[in-house]
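Have a look at the structure below, then the notes.
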Amino acid sequence: TLDYARNALNSGNAGKARRALVKVGNYQNDRDVLYLVAVSFAIDKKFSKAEKLFKATLKLSGPNDALLGNLGLAQLDQGKFREAIESYLAAIDINPGFYDALVNLASYYDYLNMMDKAVVYAQRAQKLHRNNPIVLNVLGQHAALSNKLSEAIALYRSSLSIQPNMPQTYALLSEAYLQAKNYKPAEDTLKQGLISLPHNSILENSLASLY
């Protein structure tokens, strides 16, 4: 049954997998089955049910970094940023090198305008892998706030070289140029972004604010 359910999940048929899994006797006390049911709900974007079942799985399994990571994702998809942060913090307590958790913590703290915390996890993630645009953007913002504008600009340009379709990166790079009083590069950056991302509201609004 488990192999059948895994195959169904891998093929994107979460409902089929779930129907097979719930037929397992006393499945709510079986850690492996309960986990797969939780995953099936997450695939179907039923994140509240997924969150509840990931928590139930954790009660059966005990602390587990991968499970906590899945729980964090289910919480994030419901807009529960602070709960997601708690889950990821618990995950990296178990596994300090849990890269995705470090990246997500940097991103969530950035979203909550808690840059002092965001940069801590961005720096830890950067030591593991140096080519994540989310991490580079957080590090760039920290550099800009510290008036290290050349460093910020270099970080944002590196981010764009990896992922050229993130409008926020163009906006951040333009802001860094403005902060450095380099007005033409600031304008050119936003125009370049609009070539890659036509009619993007973030870039259009940023460009309008220059005039």
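Solvent-accessible area of F47, all protein chains in place: 40 Å² (probe radius 1.4 Å, heavy atoms, ligands and nucleic acids excluded). Radius of gyration over Kirkwood radius for region 43-160, both on Cα atoms: the Rg/Rh ratio is 1.04. The aspartates and glutamates within cross-link reach of K127, meaning a Cα-to-Cα straight distance under 20 Å and a gap of 8 or more places when in the same chain, are D65, D93, D100, D110, D116, E151. Evaluated at q = 0.35 Å⁻¹, a Debye calculation over the C-alpha positions of region 12-53 (equal weights, vacuum) places log10 I(q)/I(0) at -1.22. Computed over the Cα atoms of region 1-89, pair by distinct pair, the Kirkwood hydrodynamic radius stands at 12.9 angstrom. Mean separation of Cα pairs under 8 Å and 6 or more residues apart, divided by the residue count, gives the chain a relative contact order of 9 percent.
Taking Cα atoms only, the orientation of helix 47-61 departs from the longest principal axis of the chain by about 60 degrees. Candidate values [x] 38; [y] 20; [z] 34 were compared with percent of Cα pairs over 30 Å apart computed on the shown model; the agreeing label is [x]. In region 41-95, the ratio of gyration radius to Kirkwood radius, Rg to Rh, stands at 0.95 when only Cα atoms are counted.
Distance between the pseudo-spin-label points of L128 and N165 (7 Å out from Cα toward the beta carbon): 2.5 nm.
Taking all protein chains as they are arranged and a probe of 1.4 Å, the heavy atoms of D44 leave approximately 60 Å² accessible to solvent. For the residue pairs K16/K80; K16/K46; K16/K45; K16/K52; K55/K80; K49/K80, the alpha carbons lie more than 24 Å apart in K16/K80.
The value for region 152-210 of Rg(Cα) / (2.2 N^0.38 Å) is 0.98. The listed residues E86, E151, once ranked by accessible area (1.4 Å probe) with the largest placed first, stand as E86, E151. Heavy-atom accessible surface of K191, to the nearest 10 Å², is about 90 Å², with a 1.4 Å probe and all protein chains retained. A helix-only calculation puts the chain at -23500 deg cm²/dmol for mean residue ellipticity at 222 nm, using -39500 (n - 2.57) for each DSSP H run of at least four residues, averaged over all residues. Of all lysines in the structure, those lying under 18 Å Cα to Cα from K191, and not within fewer than 8 positions of it along the same chain, are K181.
The values are calculated or read from the model by the stated rules, or taken from the named source; none is laboratory data. Keep in mind the model is a prediction, meaning the values are calculated, not measured. When we count neighbours, we look across all protein chains shown, and the Cβ atoms used for this are built from the backbone with ideal geometry, even at glycine. When the accessible area is computed, the model is the full protein with side chains, heavy atoms only, and any ligands, DNA or RNA have been set aside. Shrake-Rupley method; radii C 1.70, N 1.55, O 1.52, S 1.80 Å.
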